[in-house]
1. Among the residues of the range 1-56 satisfying the criterion of being without any contact (Cβ under 8 Å) to a residue 40 or more places away in the chain, within 30 Å of residue 74 (Cβ to Cβ) and under 21 Å from the mean Cα position of the chain (by Cα), which is surrounded by the fewest Cβ atoms within 10 Å (Cβ to Cβ)?
2. With (1) out of contact with any Gly (no Cβ under 6 Å at 6 or more places or on another chain); (2) over 14 Å from residue 137 (Cβ atoms); (3) of a type in the set (A, V, I, L, M, F, W, C); (4) assigned to a strand (DSSP E or B) as the list, and residue 69 as the residue in question, which single condition is left unmet?
3. Of the conditions (1) assigned to a loop (DSSP other than H, G, I, E, B); (2) open to solvent by 90 Å² or more (accessible area, probe 1.4 Å), residue 81 clears all except one; give me its number.
4. Kindly indicate which of 74, 104, 90 is out of contact with any strand residue (DSSP E or B) (no Cβ under 7 Å at 6 or more places or on another chain), more than 19 Å from residue 130 (Cβ to Cβ) and part of a loop (DSSP other than H, G, I, E, B).
5. Can you tell me which residue is nearest to residue 74 (Cα to Cα) among those in the range 107-151 that are β-branched (Val, Ile, Thr), touching a Leu at 6+ places or on another chain (Cβ under 8 Å) and open to solvent by less than 30 Å² (accessible area, probe 1.4 Å)?
6. Just give me the residues in the range 86-106 being touching a helix residue (DSSP H, G or I) at 6+ places or on another chain (Cβ under 7 Å) and surrounded by 14 or more Cβ atoms within 10 Å (Cβ to Cβ), in sequence order.
Amino acid sequence: STTSKPATLWVDSVRTDPFAPGSVLSLTSYGAMIGATDVNATNRVLAENRYNDVPPPGWTYVLAPVAVCYMAESGSGTPWLDLDVEFIGSDGRTYDDGYNVTPSDIYDLGDLYAPNGCGSFYAAALVPRSVLTGAVWVITDTSSWSSTTKQFVKVS
């Protein structure tokens, strides 16, 4: 028998079997982590900018912290061009932030440089409260024309 060098096995998630919040996610050019979701973030979003919309009755803003690291051997990545983080409600519909200004969003994160340039931001969505149970976040990495990866994380 021969012993190999240590290896890492990465497992992908699917919408019906998402990772837990705080799991390390392997994407095309990035490593990522989506933390626990604040499902009552309306006051935080409204405090961010006086032009933000008040949610309709029965709706709420949700926020989840996202940490990303550019894992390529060289060069740089631009997270707001390469990554997309979306909220998928239990109704199977994708929700976004309602075009409001949210705290530390992905557009505030500059370029990340190899090796292992890291940063963080908040993912946000405006959602009906009725779709929170069983909802997931999906992060998609489109940094490579030849390979797109997605990972799903439970909304806690």
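1. In this case the residue turns out to be 11.
2. Failing condition for residue 69: (1).
3. (1)
4. Of 74, 104, 90, the one residue that is out of contact with any strand residue (DSSP E or B) (no Cβ under 7 Å at 6 or more places or on another chain), more than 19 Å from residue 130 (Cβ to Cβ) and part of a loop (DSSP other than H, G, I, E, B) is 74.
5. Taking the candidates together, the pick is 140.
6. The answer is 89, 90, 100, 101, 102, 103, 106.
The values are calculated or read from the model by the stated rules, or taken from the named source; none is laboratory data. In this text the structure is predicted, and so the values were computed from the model without any measurement. Neighbour counts run over all protein chains shown; Cβ positions are idealised from the backbone, glycine included. Side chains are part of the model used for accessible areas, which takes the heavy atoms of the whole protein and leaves out ligands, DNA and RNA. Shrake-Rupley method; radii C 1.70, N 1.55, O 1.52, S 1.80 Å.
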